[in-house]
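These notes concern the structure reproduced below.
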Amino acid sequence: MPKRSLSPLHRATTHWTTGRRILVAAVVITALLASAGLTAWFTSRGGQSKTGASPTAPAPSSPAATAPKPSAGTGSVPAPPKLTDPLAYARAAAVMLWSYDTRTTSRDQHLAGMNAWMTSETKYTDWTAISGQVPDPVLWSRMADNAQYATAAVGEAHFPSTFKQALAENPSAITEAYIYAVTVTGKQTIAWKGGGGGAEDRAVTLAVQCRPSSDCALVSLAPSVAP
């Protein structure tokens with residue numbers, strides 16, 4: 001198999017056009033956090049989409065509105081940790097999002113495992129953004145044919161400066177939905193049969209819900225990384 005610097009999973013999820021990135025940021029994530037009083041933060045991030053991402057792999061199909069039934073199993077996807085710290089939960093969620101194992105896990109199992117990390121509050125959950133990170137069935141099958149898998153390690157996690165500024169300007173805003181923006185950096189290591197493999201730095205800004213006296217849950221991810 002030819003050596004590649006980017007995994008099919010990563011390339012399949014970086015094909016979005018600038019218009020779609022702005023649409024996701026302005027409509028999906030802004031709507032999610034409007035009730036928390038942080039609309040301005042996500043709106044400002046929405047217009048700063050990444051450039052240079054080209055569709056080098058087949059585009060994912062439109063994700064289903066709901067995840068596969070839990071009875072499908074979750075394969076190699078770990079169960080969500082019981083954490084009440086948004087930074088710690090975002091670190092764990094990033095590792096989950098950057099890891100996969102097509103040798104032992106079907107696409108439906110992978111989606112079911114990811115869905116277990118989502119908030120149960122349907123008013124806020126953005127399953128489309130999360131499930132959209134998974135390649136379409138054809139590409140997943142090709143990855144499985146090559147026994148491709150990925151592991152991830154997290155470097156650090158922090159609240160973006162603009163998120164902290166918005167929160168400082170209106171501290172009580174967070175108390176409606178308790179949704180926090182967290183930027184996580186790390187490294188993804190990819191391997192496939194025949195000794196192929198590689199590694200690349202990764203970064204993502206996640207929306208994590210951590211209500212008082214409750215375990216955290218994943219809400220969504222931003223289309224661009226907030227510093």
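The values are calculated or read from the model by the stated rules, or taken from the named source; none is laboratory data. For clarity, every value in this text was computed on a predicted model and none was experimentally measured. Positions of Cβ are generated from backbone atoms using ideal geometry, with glycine treated the same way; all protein chains shown enter the neighbour counts. When the accessible area is computed, the model is the full protein with side chains, heavy atoms only, and any ligands, DNA or RNA have been set aside. Shrake-Rupley method; radii C 1.70, N 1.55, O 1.52, S 1.80 Å.
Taken as a whole, the structure places A79 among residues that are under 16 Å from the mean Cα position of the chain (by Cα), surrounded by fewer than 18 Cβ atoms within 10 Å (Cβ to Cβ), part of a loop (DSSP other than H, G, I, E, B) and at pLDDT 95 or above.
Of the set (1) in a loop (DSSP other than H, G, I, E, B); (2) on the phi < 0 side of the Ramachandran plot; (3) not polar (S, T, N, Q), all apply to G194 but (2).
Within region 163-175, identify whether any single residue is part of a loop (DSSP other than H, G, I, E, B), modelled with pLDDT under 95 and touching a Ser or Thr at 6+ places or on another chain (Cβ under 6 Å), and answer yes or no. Explain how you work it out, then say what you get.
Taking region 163-175 as the starting set, the residues that turn out to be part of a loop (DSSP other than H, G, I, E, B) are 170.
From what is left, the residues that are modelled with pLDDT under 95 are 170.
Among the residues that remain, those that are also touching a Ser or Thr at 6+ places or on another chain (Cβ under 6 Å) are: none.
Scanning region 163-175, I find no residue that is part of a loop (DSSP other than H, G, I, E, B), modelled with pLDDT under 95 and touching a Ser or Thr at 6+ places or on another chain (Cβ under 6 Å), so the answer is no.
From the residues in region 203-227 that are more than 11 Å from the chain's Cα centre (by Cα) and not in a loop (DSSP other than H, G, I, E, B), which one is surrounded by the most Cβ atoms within 10 Å (Cβ to Cβ)? The selected residue is Q209. Looking only at region 88-102, decide whether some residue is open to solvent by 40 Å² or more (accessible area, probe 1.4 Å), modelled with pLDDT of 95 or more and small (G, A, S). Looking through region 88-102, none of the residues is open to solvent by 40 Å² or more (accessible area, probe 1.4 Å), modelled with pLDDT of 95 or more and small (G, A, S). Any residue in region 151-164 that is in contact with a Gly (Cβ under 7 Å, 6 or more places away or on another chain), over 25 Å from A88 (Cβ atoms), open to solvent by 10 Å² or more (accessible area, probe 1.4 Å) and in contact (Cβ under 8 Å) with a residue 24 or more places away in the chain? Checking region 151-164: not a single residue is in contact with a Gly (Cβ under 7 Å, 6 or more places away or on another chain), over 25 Å from A88 (Cβ atoms), open to solvent by 10 Å² or more (accessible area, probe 1.4 Å) and in contact (Cβ under 8 Å) with a residue 24 or more places away in the chain.
Candidates T128, T102: the one that is over 20 Å from A153 (Cα atoms), of a type in the set (S, T, Y) and in contact (Cβ under 8 Å) with a residue 40 or more places away in the chain is T128.
Okay, residues lined up against (1) touching a helix residue (DSSP H, G or I) at 6+ places or on another chain (Cβ under 7 Å); (2) under 30 Å from R103 (Cβ atoms):
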| site | (1), (2) |
| --- | --- |
| A181 | yes, no |
| G186 | yes, yes |
| V204 | yes, yes |
| R211 | no, no |
